[in-house]
Amino acid sequence: MTRQLYRYSLAFLVLAVAAAAVADLNGNWVVRQDMHDGTFRNTYFHLRMEGGRIAGSIRLTQFFYKISASSGGPDGFTITGSMMDGRNERKVVYEGKLVGDELHIGTRRANGPLSEMAAVRAAEGEGAMPPRVAPPKLHKVADNGLVRTPPMGWNSWNKFAGRVTAEDVRGMADAIASNGMKDAGYVYVNIDDTWEGERDAHGKIQSNQKFPDMKALAGYVHGKGLKLGIYSSPGPNTCAGYEGSYGHEMDDARTYAAWGIDYLKYDWCGARNLYTDDEMQAVYQKMGDALAASGRPIVFSLCQYGRADVWKWGPEVGGNLWRTTGDIRDAWDSMARIGFNQNDLAAYASPGHFNDPDMLEIGNGGMTDEEYRTHMSLWSILAAPLLAGNDLRSMTPAIHEILTNREVIAIDQDPAGHQGHRASQNGEQEVWIRPLADGSSAVALFNRAAAEAKIAVNWADLGLPAQPHVRDLWRHQDVTAGAEYTASVPAHGVVLLRVR
Ligand code: GLA
């Protein structure tokens, strides 16, 4: 009897311990999301019960949060992750509960339903943020001599985002080479985020299944007389959560050179977890040095959303262009807010070194053709990179005409490399001017209003000679103008002139 009781209580104890182990949040949990390209997006929840609170960290795509608040326990809990991103605090909130030996966890958008995922236990240490490598001392990286005029080409992100494949890239190269874009100056075919695979045992970055053979792809693009661009991050992860170059800068630059890559867009993303904005220059310099040591001329495009006054140090790290803003969207408000906000940066553009207000949305469907003409005109006045972001295999004749207007492209590609500025503003009507190498000027009459408006310019007010020769670059016609010129400009439209 006593013996039996002993046995029962022992069995009960074993069960209770097992149950307690299962009902224990402590540990490293991972959600593995199949990206269907041979890679997984892993989200880690490193949880620790500490006197009734849940502590620990959350690692999600490019972000690494510390748990700053919690409520509840294994049967139902909420955790808040916080991190500093430059001067801004970012937060994320998850709700979860233990279900058997899984953690069911998710986020809720504006009181909507919980988007729940199943996390399983991962090895301790898996997914931990790598230790910080101290940034190098500053020095000047030599100018690589590339892009004396703003780069022109195509980039995959605006239209394809994470869906881009090698087939798409070949298709874009075919289109550029055959539809007149190459002749108009478009050269770079740039793969943005989500091409990355895992590193091999030697630390060499591999492309994922969407890009089975990067070297062959470069060969194909080169065969069309075009150049191939790629994308990475100084952080452990890219913005989309793929493998970044952190700790592998030299390896990656060498790999890109061996593949035949001609252009690198280098996106801050995951580096925000390890470095402050004050350290950006040193962090970018590391890749500038690596590219210089690779032995291949590779355009260096800095993408850190215009933080830390990048235009002041971009050339020091070997940068050819630097983003001046957050991401553009295919909408009038986004394009206009970004484009008309670039006035103060004019002094920082010069041959080989350009401000980058982000890639073109022309042809992606969110704006009218009139608005896309404004987009193209404004970017040309700004000496901005002309990186088309639409599907070049299936654009309308109107979009093709906007992207290949030689007279407008000549403004963008003017060899003096001066960036234009706002000459005057009257409510929603603005006149911008860009001095050109041959002594002429590009003058743009922008109407930001939602109704047609008359815009008048007086050449003397613009510092231009009276009775100049004036050509309308969208109509491809000379216009008669005396001391003044007045044009009716459509809603959200532009009249772009070359005045000599
Ligand atoms: C950031 C960049 C974008 C694009 C995406 C890719 O948001 O600013 O231009 O490269 O990352 O993940």
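Here, each number is a calculation from the coordinates, and none is a lab measurement. As the structure is a computational prediction, the values presented were derived from the model and not from experiment. Positions of Cβ are generated from backbone atoms using ideal geometry, with glycine treated the same way; all protein chains shown enter the neighbour counts.
Take the Cα atoms of segment 69-120, build their convex hull, and give its volume per residue in Å³. Can you show the working numbers first?
Details: hull volume 4.7 nm³, N = 52.
Taking only Cα atoms, segment 69-120 has a hull volume of 90 Å³ per residue.
By count of other Cβ within 10 Å, fewest leading, how are Cys239, Cys269 ordered? Could the numbers behind the result be given before it?
On the way: Cys239 22, Cys269 25.
Lowest to highest Cβ neighbour count: Cys239, Cys269.
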Find the cysteines in the chain that fail to meet the 4.7 Å Cβ criterion with every other cysteine, and list them.
Cys303
Kirkwood hydrodynamic radius of segment 422-499, from inverse mean 1/r over distinct Cα pairs, in Å
12.5 Å
0 to 90° range, to nearest 10: angle between helix 249-259 axis and the chain longest Cα axis:
60 degrees
Below 14 angstrom from the Cβ of Met152, what's the summed charge of the other residues (Lys, Arg +1; Asp, Glu -1)?
-1
Over 26 Å between Cα atoms: which of Lys204/Lys224; Lys91/Lys204; Lys159/Lys224; Lys210/Lys312 fall into that group?
Lys204/Lys224; Lys91/Lys204; Lys210/Lys312
Report, in degrees rounded to the nearest 10, the 0 to 90 angle that the Cα long axis of helix 166-178 makes with the longest principal axis of the chain.
0 degrees
The rounded separation in angstrom of the Cα centers of segment 214-287 and segment 423-448 is 36 Å
For segment 192-266, state the semi-axes of the equivalent ellipsoid (square roots of 5 times the eigenvalues of the alpha-carbon gyration tensor), sorted largest first and rounded to whole angstrom.
20, 12, 12
Between Ala161 and Arg109, what is the label-point separation in nm under the 7 Å Cα-to-beta-carbon projection?
0.9 nm
How big is segment 291-391 by Rg and Dmax over its Cα atoms, in Å?
14.1, 45
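By how many nm would the segment from Ala437 to Arg170 grow when fully extended, if each residue of separation counts as 0.36 nm and the alpha-carbon distance is taken off? All intermediate terms of the calculation are to be shown ahead of the outcome.
Numbers: separation 267, 0.36 × 267 = 96.12 nm, distance 3.56 nm.
Full-extension gain reported as 92.6 nm.
Fewest first, what order do Trp259, Trp268, Trp29 take by the number of other Cβ atoms within 10 Å? Let's see the in-between values first.
Values: Trp259 20, Trp268 28, Trp29 24.
Final ranking by Cβ density, sparse to dense: Trp259, Trp29, Trp268.
Hey, how much of the P(r) for segment 152-418 falls beyond 26 Å, as a percent of Cα pairs?
Values: 13152 of 35511 pairs.
For segment 152-418, the fraction of Cα-Cα distances above 26 Å is 37 percent.
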Can you list the aspartates and glutamates whose alpha carbon is less than 14 Å from that of Lys140, not counting same-chain residues fewer than 8 positions off?
Asp289, Glu316
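Given that compact globular proteins tend to follow 2.2 N^0.38 Å, what is the ratio of the alpha-carbon Rg of the chain to that value?
Details: Rg = 27.2 Å, N = 500, 2.2 N^0.38 = 23.3 Å.
Ratio of Cα Rg to 2.2 N^0.38 Å: 1.16.
Find out how many positive minus negative residues lie around Lys227, taking Lys and Arg as positive, Asp and Glu as negative, among other residues whose Cβ is under 12 Å from that of Lys227.
On the way: positive: Lys182, Lys224, Arg296; negative: Asp262.
Local net charge: +2.
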Roughly what % antiparallel, to the nearest 5, for the DSSP beta bridges in the chain?
80 percent
From the helices alone, meaning DSSP H stretches of at least four residues, give me the mean residue ellipticity at 222 nm for the chain, per-run term -39500 (n - 2.57), in deg cm²/dmol to the nearest 500.
-6500 deg cm²/dmol
Given segment 254-320, report the % of alpha carbon pairs whose separation exceeds 15 Å.
49 percent
Between Arg53 and Arg32, how high is the FRET efficiency from 1/(1 + (r/R0)^6) when r is the Cβ-Cβ distance and R₀ = 25 Å? Nearest 0.05.
0.40
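With only Lys, Arg, Asp and Glu charged, each at its Cβ (+1 for the first two, -1 for the last two), find how big the charge dipole of the chain is about the Cα centre; round to the nearest 20 debye. Display every interim value, and only then the final one.
Details: 50 positive and 59 negative charges, 191 e Å.
With Lys and Arg at +1 and Asp and Glu at -1, about 920 debye.
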